[in-house]
Amino acid sequence: LPNFPNIKDLKHFEVVFFDLDNTIYAYDPAHKAALEATLIKFAYEHDIDMDTANNLYREARKVINHRLHGQAASHSRLLYFKEMIQALNHHTRFSDALQFEKIYWQHFLTEMQIFPEALKLIKQLSKRGIALGIITDLTTQIQLQKMKKLKLETYFKHLITSEEVGVEKPHSTIFYHALNLFDAKGEACAMIGDNTKTDQGAEQVGMQFFLV
Ligand SMILES: [Mg+2]
């Protein structure tokens with residue numbers, strides 16, 4: 001379980017930013033359940049076994065990650081499933097690509113569980129009038145859906161995605177963009193996240209980083 005900073009360590013900040021995936025909720029259980037449900041359907045429809053489906057998924061993800069490295073779309077499940085279909089069928093089945101993406105996110109959103117400690121801290125910060133933001137590497141559509149499903153809409157003032165900014169964490173541009181939106185100086189802000197490679201990039205713009 002993540003180890004969140006104490007409200008005492010955060011109360012002097014004007015703005016507190018959170019990473020979303022695996023900081024506010026547990027990523028792995030949601031992803032595993034979603035991927036399994038999708039690949040079971042994929043394997044059944046293509047008459048292949050689960051190992052083959054898993055390998056196709058890993059290969060497709062590798063291709064997309066490599067081609068779109070540093071961009072939000074490098075994490076796009078739609079692109080992964082579309083790539084798998086192309087690799088197996090040598091033509092794109094348009095409705096299938098959309099269908100598999102839908103299955104994946106439906107299961108993901110259903111399985112997603114907020115960390116109770118995260119919710120507690122978010123409520124404490126909000127009560128003190130500290131502005132809250134999300135800085136996240138993925139496409140805006142699904143990140144907004146996650147925030148809605150986690151019932152966090154009312155606590156957060158802005159959500160900034162790598163899709164909107166064109167670069168991913170730890171690039172300083174995404175953090176500067178967040179500071180501009182809040183009209184805040186880096187020194188007046190904290191960033192809470194689970195990843196030292198990406199979220200800690202906040203230190204480049206003067207924010208204090210808290211690893212959970
Ligand atoms: Mg994360």
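One table, with the values for the structure above:
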{"item": "Within region 84-98, considering residues that are touching a Lys or Arg at 6+ places or on another chain (Cβ under 8 Å) and touching a residue at least 12 places away in the same chain (Cβ under 8 Å), the one nearest to residue 21 (Cα to Cα)", "result": "97"}
{"item": "Subset of region 46-70 (residues that are farther than 14 Å from residue 82 by Cα and of a type in the set (Phe, Trp, Tyr))", "result": "none"}
{"item": "Matching strands (runs of 3 or more DSSP E) fully within region 131-212 where at least 2 residues are open to solvent by less than 50 Å² (accessible area, probe 1.4 Å) and away from the ligand (no atom under 15 Å from the Cβ)", "result": "131-136, 189-193"}
{"item": "Criterion violated by residue 111 - all others in (1) over 30 Å from residue 53 (Cβ atoms); (2) open to solvent by 60 Å² or more (accessible area, probe 1.4 Å); (3) in contact (Cβ under 8 Å) with a residue 60 or more places away in the chain satisfied", "result": "(1)"}
{"item": "Unique residue being more than 29 Å from residue 1 (Cβ to Cβ) and basic (Lys, Arg) when the list is 185, 169, 146", "result": "185"}
{"item": "Every pair of residues 6+ apart whose Cβ atoms lie under 6 Å, when the first sits in region 25-49 and is free of Cβ contacts under 8 Å to residues at least 40 places away in the same chain while the second is assigned to a helix (DSSP H, G or I) and surrounded by 14 or more Cβ atoms within 10 Å (Cβ to Cβ)", "result": "39/53; 43/53"}
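Every residue, every condition in (1) in contact with a strand residue (DSSP E or B) (Cβ under 8 Å, 6 or more places away or on another chain); (2) aromatic (Phe, Trp, Tyr); (3) surrounded by fewer than 18 Cβ atoms within 10 Å (Cβ to Cβ), yes or no:
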| residue | (1), (2), (3) |
| --- | --- |
| 5 | yes, no, yes |
| 13 | yes, yes, no |
| 16 | yes, no, no |
| 19 | yes, no, no |
| 22 | no, no, yes |
| 33 | no, no, yes |
| 42 | no, yes, no |
| 48 | no, no, yes |
| 59 | no, no, yes |
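Condition check ((1) closer than 30 Å to residue 3 by Cα; (2) acidic (Asp, Glu); (3) surrounded by fewer than 18 Cβ atoms within 10 Å (Cβ to Cβ)) across all residues:
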| position | (1), (2), (3) |
| --- | --- |
| 56 | no, no, no |
| 65 | yes, no, yes |
| 69 | yes, no, yes |
| 72 | yes, no, no |
| 82 | no, no, no |
| 92 | no, no, yes |
| 107 | yes, no, no |
| 123 | yes, no, yes |
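The values are calculated or read from the model by the stated rules, or taken from the named source; none is laboratory data. The structure displayed is predicted, hence computed values, not measured ones. No Cβ is skipped: glycine too gets one built from the backbone with ideal geometry, and neighbour counts run over all protein chains shown. We work out accessible area using only protein heavy atoms, side chains counted, and drop any ligands, DNA or RNA first. Shrake-Rupley method; radii C 1.70, N 1.55, O 1.52, S 1.80 Å.
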